[in-house]
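Visitor: Take this structure first; my questions come after.
The values are calculated or read from the model by the stated rules, or taken from the named source; none is laboratory data. This one's a predicted model, so the numbers in the text were calculated from it and none came from an experiment. All Cβ positions, glycine included, derive from the backbone under ideal geometry; neighbour counts span all protein chains shown. These accessible areas exclude ligands, DNA and RNA; they are computed on the full protein's heavy atoms, side chains included. Shrake-Rupley method; radii C 1.70, N 1.55, O 1.52, S 1.80 Å.
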Amino acid sequence: MGDVVAGLRVAAIASLTPLEELDGDPFLVDTRGQHAMCARWAADRGHVVTRQLRVHGLRHDHRIFWADTEGGRVDLFLAPNHRVLARALDSAADFATECERRGVRLEFAGPEEPAYTARTKADVHRRLSMPTAGYDGC
């Protein structure tokens, strides 16, 4: 699914993963990092992120995905990688099939995930666990 059109409207999909999994899998917990990866991918191609979704195990046919495509506000779904999409949805394969059926592109920003140090994990933990430390819901 190569990029041939610039200026597409992108819905970035991040997986909501419990904070308890931070040590074992920090990228899946860090929705802000997931969305940042998607934003860079979109910007590099001249696209714009118009919707940020944070979901966990959501049905692939849930209205939250398709309302914006039907309303003309989303042209493309983007996940950081297959692993994130698999965690975010009940079935990544069924979602891909539904995207194809509806004529909506599905892309992945890439397999490379950022490295997390003890300090960056602590930053994610602080952001997600202590609202007074600057948590903004992301």
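Listed here are the residues, each with its yes/no results for (1) more than 15 Å from residue 84 (Cβ to Cβ); (2) not in a helix (DSSP H, G or I).
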residue	(1), (2)
6	yes, yes
10	no, yes
14	no, yes
28	no, no
40	no, no
43	yes, no
53	no, yes
61	yes, yes
66	yes, no
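Visitor: Would you mind finding the one in 119, 83 that is out of contact with any helix residue (DSSP H, G or I) (no Cβ under 9 Å at 6 or more places or on another chain) and in a helix (DSSP H, G or I)?
Guide: 119
Visitor: Would you mind stating whether residue 71 is at pLDDT 95 or above and farther than 22 Å from residue 21 by Cβ?
Guide: In short, no.
Visitor: Return the pair list, or none, for Cβ contacts closer than 7 Å from residues in the range 36-47 that are touching a residue at least 40 places away in the same chain (Cβ under 8 Å) and within 9 Å of residue 8 (Cα to Cα) to residues that are open to solvent by less than 40 Å² (accessible area, probe 1.4 Å) and assigned to a loop (DSSP other than H, G, I, E, B), at least 6 apart or on different chains.
Guide: Going by the 7 Å Cβ cut-off, the qualifying pairs are 47/8.
Visitor: Given the conditions (1) over 15 Å from the mean Cα position of the chain (by Cα); (2) open to solvent by less than 40 Å² (accessible area, probe 1.4 Å); (3) not polar (S, T, N, Q), and given that residue 24 satisfies all but one, which numbered condition is not satisfied?
Guide: So residue 24 meets the others, but not (2).
Visitor: Collect the residues in the range 79-117 that are aromatic (Phe, Trp, Tyr) and within 21 Å of residue 26 (Cα to Cα), keeping them in residue-number order.
Guide: Passing the criteria: 108, 116.
Visitor: Could you check, for the range 111-124, whether at least one of its residues is within 11 Å of the chain's Cα centre (by Cα) and open to solvent by less than 50 Å² (accessible area, probe 1.4 Å)?
Guide: no
Visitor: Checking the condition open to solvent by 50 Å² or more (accessible area, probe 1.4 Å) and either touching a Cys at 6+ places or on another chain (Cβ under 7 Å) or of a type in the set (Asp, Glu) (or both), which residue from 61, 68 passes?
Guide: Exactly one of 61, 68 is open to solvent by 50 Å² or more (accessible area, probe 1.4 Å) and either touching a Cys at 6+ places or on another chain (Cβ under 7 Å) or of a type in the set (Asp, Glu) (or both), namely 61.
Visitor: Considering the range 95-109 alone, what residues qualify as being surrounded by 13 or more Cβ atoms within 10 Å (Cβ to Cβ) and either over 17 Å from the mean Cα position of the chain (by Cα) or in a strand (DSSP E or B) (or both)?
Guide: Of everything in the range 95-109, those that are surrounded by 13 or more Cβ atoms within 10 Å (Cβ to Cβ) and either over 17 Å from the mean Cα position of the chain (by Cα) or in a strand (DSSP E or B) (or both) turn out to be 97, 98, 105, 106, 107, 108.
Visitor: Is there any pair with a first residue in the range 103-132 that is within 28 Å of residue 9 (Cα to Cα) and a second that is of a type in the set (S, T, N, Q) whose Cβ atoms are under 6 Å apart and which are 6 or more apart or on different chains, and what are they?
Guide: Partner pairs satisfying both residue conditions: 104/69; 108/81; 111/81.
Visitor: Modelled with pLDDT under 95 and open to solvent by 50 Å² or more (accessible area, probe 1.4 Å): does that describe residue 48?
Guide: No: the conditions fail for residue 48.
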